[in-house]
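To keep things clear, I will list the structure first and then write my remarks on it.
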Amino acid sequence: MTNSEIVDLLELTGRLMELHDRDAFKTRSYQTAAFNLDKSTADLSNMPVEELVKLQGVGKSVAQKIREIAETGHLTELDELLAQTPQGVLDMFRIKGLGVKKVRTLWHELGITNLRDLQLAGENGQIAKIKGFGASTQEKILAALEFLQEQQGKVRMDKAAMIANLLVERLTPHFERVEISGQVRRKAQEVDAIQLLIQTSDPVAAMLTLNGLDNLEQNVPDSSPFAWRGHLAGFDVLVELLFYPAEQMNRQLFIQTATDAHLKQAGTGGVPLLQVAYSSVLPESANTTDVTEVETAIYEKAGLPYIVPEMREDDFAFRWASRHKNEELVTWDDLKGTLHNHSTWSDGKQSVADMAAYCQKLGLSYFGIADHSKTASYANGLDAERVRQQQLEIDELNKGFGADFRIFKGIESDILGDGSLDYDNDTLATFDYVVASVHQTLTMSEEKATNRLLRAIENPYTTILGHPTGRLLLAREGYPIDHRAIIDACAEHNVIIEINASPYRLDIDWHWIEYAMQQGVKLSINPDAHDFAGLLDMHYGVAIGRKGGLTKAMTFNALTLTEMREYLKKRRAEIRK
DNA sequence: GCCGTTTTCGGCCCGACTGTTTTCAGTCG
């Protein structure tokens, strides 16, 4: 059991205890234990009770529960609570704006035990009639339900990659060649089908083999003699396994990776790319696995420039290719540092020193710390005094590094409702740079949200605009903003825009990268890391950056240490003028 | 149930905002 699995079970237990009106303080103790353990780096599943009780928020009782979870994978108390809770009531927790109290009211007052009934109650106006609810709440619930339904059967790119790799591992022993294709190979940020190509000359035998494997649940009506469709147990996303003979593998890998829109692109003589892919005699030394060679040949025959897999979405790629070369696209190796990260000073799991050391291990030459600011009290945000203390710590740490590594002093300053940052100028002036982000009051009209961001961009202390829309993929739509106005303002005020690389956000959306580049606005691939693993999220940022055509030259954190120091110094000097 | 003592029992929590209220409960990050 991983820490987060243990924490999730404790958190759910606390939530269900509250739902079922158990003792409020007992309930809270589960919730605070989960809250504290979520930030712990201790190896919970391998700790004895006497060690566990030393952790903040963990007493004898919760320690024993953790042991039970670690040893059995279950918590008896939770299982009992779950048995008393309809699945549909649990589903209601996924609706933004519904907490325990409202869910309990909907369940007990209207007898709602599934999302369908919830929708009907909303459409009939019943929800608005409950005291404590109103027309506005009802509207919000209906909108959130609709959003949730749209996300059904989709997973984020990180989970999709994990499932795809799991399948490759499972299938490789049984087949000559297994390749990830489709949305996962294309690095789509949301995936509704995990697609793999399987090389076989005997589809009937292949089907039998697949159906003999554990945890692969076939959906027979959706399958065909050459395509197994179904699910991997435990994951609510379609798995599609397509059978091809050896000589078709590379050709199909190309075809299945690109979107229809991309394949419709006409090349020389108006022949669509798809037709070229099907009709060409390809350089197939039978089993060559050099896919790039084959795909290069296809584009060449079509008279079109080679497009990297990430960009095979629509005709944007061809417009981009008329102005750029593929070699200009940013890569992981181009990244020289990282600028939006958290530490134990706010809600991160690791210390500044440990995070910096890990960055050195990754081969980066600078680590920017941008912990939460004072308004983010829920995340233990730093007031001016703690900012000062943290900066002293960073000064000390920097003394220990040679000329090839440095920690930069940043902050993720909340953009308040009126667009101002939440420190006075004297404090803002102490940072090497400022990431300005919105964290509260996320329901705004486009006009209000845009004006709020514009004011933050105009603030001379703002270096980077953090996650511009506040969206959470598959969970929450961001607030609407006028992207052009925001990007134009960033150009005017010399503000960099973040590509938040967390697979939960990927915000700013890749569709806006090209416009930003055209306006001369650089983008920073920011992991928003709260622990070591979070730093690796920059891989997703690179993938999504490439999808949007981001070049190394326009990637802010591709600046070398020397260049970054110079840039930040110059930017500071401009403020003083 | 946990914590922290004024050491074995009494008090537990961060603040902004929204929508529903007419003084505040519920949600969120």
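Each reported figure results from applying straightforward, stated rules to the coordinates on display, with no laboratory input. Since the model is a prediction, treat every value here as computed from it, not as a measurement. Because the Cβ atoms are built from the backbone with ideal geometry, glycine has one as well, and the counts that use them run over all protein chains shown.
Let's test the formula: R0 of 30 Å, r as the Cβ-Cβ distance of A:Tyr567 and A:Asp236. What FRET efficiency results, to the nearest 0.05?
Details: r = 45 Å, r/R0 = 1.49.
It comes out at approximately 0.10.
Restricting the count to DSSP beta bridges whose residues both fall in the stretch A:155-322, what percent are antiparallel, rounded to a multiple of 5?
Details: 15 of 22 bridges.
Around 70 percent of the beta bridges assigned by DSSP in the stretch A:155-322 are antiparallel ones.
Give the long-range amide H neighbours of A:Gln189: residues separated by 5 or more places, or on another chain, with amide H under 5 Å away, using H modelled in the peptide plane at 1.01 Å from N.
Here the answer is none, since no amide H 5 or more places off falls under 5 Å of that of A:Gln189.
Take the alpha-carbon positions of the stretch A:155-322, form their convex hull, and give its projected area averaged over all directions (one quarter of the hull surface) in nm². The partial results should precede the final answer.
Details: hull surface 38.9 nm².
Taking a quarter of the hull surface, the average projection is 9.7 nm².
Determine, for A:Arg505, A:Arg484, A:Arg156, A:Arg67, the number of other Cβ atoms within 10 Å of each Cβ, and report the residues in order from fewest to most. Present the calculation step by step, with values, prior to reporting the outcome.
Numbers: A:Arg505 27, A:Arg484 13, A:Arg156 22, A:Arg67 16.
The order, fewest Cβ neighbours first, is A:Arg484, A:Arg67, A:Arg156, A:Arg505.
May I ask you to compute the full-extension gain from A:Ser279 to A:Glu169, defined as 0.36 nm times their residue separation minus their alpha-carbon distance, rounded to one decimal in nm? Don't skip to the answer; put the middle values down first.
Details: separation 110, 0.36 × 110 = 39.60 nm, distance 3.27 nm.
That works out to 36.3 nm of additional length.
What number, in percent, do you get for the relative contact order of chain A if the mean sequence gap of Cα pairs under 8 Å and at least 6 apart is divided by its residue count? If you can, show how the numbers build up before the last one.
Numbers: 996 pairs, mean separation 55.1, N = 577.
10 percent.
Tabulate in residue order the Karplus-calculated ³J(HN,Hα) for the stretch A:174-181, using 6.51 cos²θ - 1.76 cosθ + 1.60 with θ = phi - 60°, rounded to whole Hz; enter x for Gly and Pro.
Along the stretch A:174-181, the couplings run 9, 9, 5, 8, 10, 10, 7, 10 Hz.
Restricting to Cα atoms and excluding each atom paired with itself, what does the Kirkwood estimate give for the stretch A:1-86 in Å?
One decimal place: 12.7 Å for the Kirkwood radius.
Based on the Cβ-Cβ distance of A:Gln518 and A:His20, what FRET efficiency does E = 1/(1 + (r/R0)^6) give at R0 = 56 Å, to the nearest 0.05? Walk me through the numbers before you get to the answer.
On the way: r = 56 Å, r/R0 = 1.00.
Efficiency for this residue pair is about 0.50.
With just the Cα atoms defining each centre, how far is the stretch A:533-562 from the stretch A:129-205? Give it in Å.
25
So if I average 1/r over every pair of distinct C-alpha atoms in the stretch A:274-384 and take the inverse, what Kirkwood radius in Å does that give?
Numbers: mean 1/r = 0.0547 Å⁻¹.
Averaging 1/r across every pair of different Cα atoms and inverting gives 18.3 Å.
Express the Stokes-Einstein translational diffusion coefficient of the stretch A:3-151 in µm² s⁻¹, to the nearest whole number, given a Kirkwood radius over alpha-carbon pairs, 20 °C and a viscosity of 1.002 mPa s.
128
Where both partners of a DSSP beta bridge lie in the stretch A:332-576, what percent of those bridges are antiparallel, to the nearest 5? Write down the numbers at each step before the final one.
Numbers: 3 of 26 bridges.
Percentage antiparallel, nearest 5: 10.
Fewest Cβ neighbours within 10 Å first, please rank A:Val49, A:Val100, A:Val184 accordingly. Intermediate results must be reported in sequence, preceding the final value.
Details: A:Val49 13, A:Val100 17, A:Val184 23.
Listed from fewest to most nearby Cβ atoms, that is A:Val49, A:Val100, A:Val184.
Could you give the radius of gyration (one decimal) and Dmax (whole number) of the Cα atoms in the stretch A:332-576, in Å?
Expressed in Å, the Cα Rg and Dmax of the stretch A:332-576 come to 16.3, 49.
Rank by packing, highest mean first: peptides A:251-261, A:335-345, A:172-182, A:144-154, with packing defined as the count of other Cβ atoms within 10 Å averaged across residues.
On the way: A:251-261: 18.5, A:335-345: 23.7, A:172-182: 16.9, A:144-154: 14.4.
Highest mean packing first, the order is A:335-345, A:251-261, A:172-182, A:144-154.
Nearest 0.05, what FRET efficiency do A:Gln152 and A:Thr560 give at R0 = 41 Å with Cβ-Cβ as r? Intermediate values should be presented prior to the final figure.
Details: r = 45 Å, r/R0 = 1.10.
FRET efficiency, A:Gln152 to A:Thr560: 0.35.
Taking 0.36 nm per residue of separation and subtracting the Cα-Cα distance, what length does fully extending A:Arg94 through A:Ala357 add? All intermediate terms of the calculation are to be shown ahead of the outcome.
Numbers: separation 263, 0.36 × 263 = 94.68 nm, distance 3.74 nm.
Residue separation times 0.36 nm, minus the Cα-Cα distance, leaves 90.9 nm.
Counting other C-beta atoms within 10 Å, and keeping those with at most 16, which DSSP coil chymotrypsin sites (Phe, Trp or Tyr not before Pro) do you find in the stretch A:387-473? Write down the numbers at each step before the final one.
On the way: sites: A:Phe401, A:Phe405, A:Phe408, A:Tyr423, A:Phe431, A:Tyr433, A:Tyr461; in loops: A:Phe401, A:Phe405, A:Tyr423, A:Phe431, A:Tyr461.
Here the sparse-neighbourhood loop sites are A:Phe401.
Test of understanding: ordering A:Cys490, A:Cys359 by Cβ neighbours within 10 Å, fewest first, what list do you get?
Numbers: A:Cys490 25, A:Cys359 22.
Least crowded to most crowded, the residues run A:Cys359, A:Cys490.
Length gain on complete extension for the stretch A:Val53 to A:Asn124, per 0.36 nm per residue less the alpha carbon to alpha carbon distance?
Working it through step by step, the gained length comes to 20.5 nm.
Testing the spin-label approximation: label points 7 Å from Cα along Cα→Cβ at A:Leu208 and A:Tyr306. State their distance in nm.
Result: 4.2 nm between the two label points.
Taking amide H positions as placed 1.01 Å from N in the peptide plane, with prolines and chain starts having none, which residues 5 or more places from A:Thr200, or on another chain, fall under 5 Å of its amide H?
Amide H neighbours of A:Thr200, under 5 Å, 5+ apart: A:Tyr244, A:Ala246.
Quick one: of A:Lys101/A:Lys140; A:Lys374/A:Lys570; A:Lys409/A:Lys570; A:Lys65/A:Lys349; A:Lys26/A:Lys60; A:Lys60/A:Lys349, which pairs are farther than 20 Å apart, Cα to Cα? Could the numbers behind the result be given before it?
Numbers: A:Lys101/A:Lys140 16 Å; A:Lys374/A:Lys570 27 Å; A:Lys409/A:Lys570 15 Å; A:Lys65/A:Lys349 23 Å; A:Lys26/A:Lys60 13 Å; A:Lys60/A:Lys349 24 Å.
As for pairs spanning more than 20 Å Cα to Cα, those are A:Lys374/A:Lys570; A:Lys65/A:Lys349; A:Lys60/A:Lys349.
Report for chain A the percent antiparallel among DSSP-assigned beta bridges with both residues inside it, nearest 5. Each step should come with its number before you reach the end.
Details: 19 of 50 bridges.
Looking only at bridges with both residues in chain A, the antiparallel portion is about 40 percent.
Mean 1/r over all different Cα pairs, inverted: what Kirkwood radius does chain A give, in Å? Mind dumping the intermediate values first?
Numbers: mean 1/r = 0.0378 Å⁻¹.
Taking the inverse mean of 1/r over all distinct Cα pairs, chain A comes out at 26.5 Å.
Modelled label-to-label distance, A:Ser61 and A:Gln389, 7 Å Cα→beta-carbon offset: nm?
My value for the distance between the label points is 3.2 nm.
So, in nm, how far is label A:Asp315 from label A:Lys101 when the simple model puts each one 7 Å beyond its Cα toward the Cβ?
5.4
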